[in-house]
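As structure tokens, the structure follows; a few thoughts come after it.
The values are calculated or read from the model by the stated rules, or taken from the named source; none is laboratory data. Remember, it's a predicted structure, so these values are computed and weren't measured experimentally. We place every Cβ from the backbone using ideal geometry, glycine too, and count neighbours over all the protein chains shown. These accessible areas exclude ligands, DNA and RNA; they are computed on the full protein's heavy atoms, side chains included. Shrake-Rupley method; radii C 1.70, N 1.55, O 1.52, S 1.80 Å.
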Amino acid sequence: MLPGPYYIYKCPNCDNLLRKSSLMSGNTLGLQIFSDGKNIRPMLPEFPDLTKCKKCNTIFQLSKLKHIGTYEWWDDKTKSRWKNADQVDFLDIEDYFRVLNEGFAKDIKEVFIRKQIWWAYNDRIRYCSKTEDNVTPFVDANDEIRWRENCNKLIPLLSLYDLDERIMIAELKRNLGDFEDCIYIIEQIWDYELNWLKDIFINECKKGNRWVVQLK
Ligand SMILES: [Zn+2]
């Protein structure tokens, strides 16, 4: 994995400086694929486009801004003001709900934001080291209510006629505890090369497991 240059941006609201990393080259070594469709590639990291200013909390898309400069990671003559700029991060669950409720980033489709929220909840299981049966992604009852609402609003934004999205709908049904619907939807996939995937979904349903699992 070879890092590329850093890109420097200015927050459109308060002029705070932000720094985005980039990648020259990477590979798919250590690839992990999960039942919710999220892939993790440790040697091919992604960098956010939708982000927020850590100083004023404004949410914006970096691709809508023009970077004010770049520097290479090995360049020690670069202005320290740039080197000390805030590293851009992916949004968290609260931020994504703000995008939906406060109308930030109007060009970004609702389905994208709702999928990020779903995945961010699943990350709490994905990156959880505990193996007890009672692990849940919720911090309290209200957290579960807004998670459920997001899942229910995400399902109609996905299409059963698109294979990846059909698998996501089946997974959302399983997450919601609707095992019968999950099995029904997954059984309608006729590609025999995906039998291994169907078996995993059906087995998890039969075990009564609602939560995200690693496929490969
Ligand atoms: Zn700002």
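Of the residues in segment 150-161, at least one is surrounded by 14 or more Cβ atoms within 10 Å (Cβ to Cβ), closer than 20 Å to F97 by Cα and among the β-branched types (V, I, T). Right, N122: on the phi < 0 side of the Ramachandran plot and open to solvent by 30 Å² or more (accessible area, probe 1.4 Å) or not? So N122 does not fit the description; no. Pairing each residue of segment 54-70 that is without any contact (Cβ under 8 Å) to a residue 24 or more places away in the chain and within 12 Å of the ligand (Cβ to nearest atom) with any residue that is of a type in the set (K, R) and not in a helix (DSSP H, G or I), provided the two are 6+ apart or on different chains, yields no C-beta distance under 8 Å. Filtering segment 52-67 to residues that are β-branched (V, I, T) and exposed (fewer than 14 other Cβ atoms within 10 Å of the Cβ) leaves nothing.
Is it true that some residue in segment 95-107 is in contact (Cβ under 8 Å) with a residue 60 or more places away in the chain and either of a type in the set (S, T, Y) or open to solvent by 30 Å² or more (accessible area, probe 1.4 Å) (or both)?
Restricting attention to segment 95-107, the residues satisfying the condition of being in contact (Cβ under 8 Å) with a residue 60 or more places away in the chain are none.
Within segment 95-107 (the criterion being in contact (Cβ under 8 Å) with a residue 60 or more places away in the chain and either of a type in the set (S, T, Y) or open to solvent by 30 Å² or more (accessible area, probe 1.4 Å) (or both)), the answer is no, since none of the residues qualifies.
Residues of segment 136-148 that are outside any loop (DSSP other than H, G, I, E, B) and among the aromatic types (F, W, Y): W147 alone. The set of residues in segment 1-51 that are within 16 Å of the ligand (Cβ to nearest atom) and open to solvent by 50 Å² or more (accessible area, probe 1.4 Å) comprises K10, P12, N13, D15.
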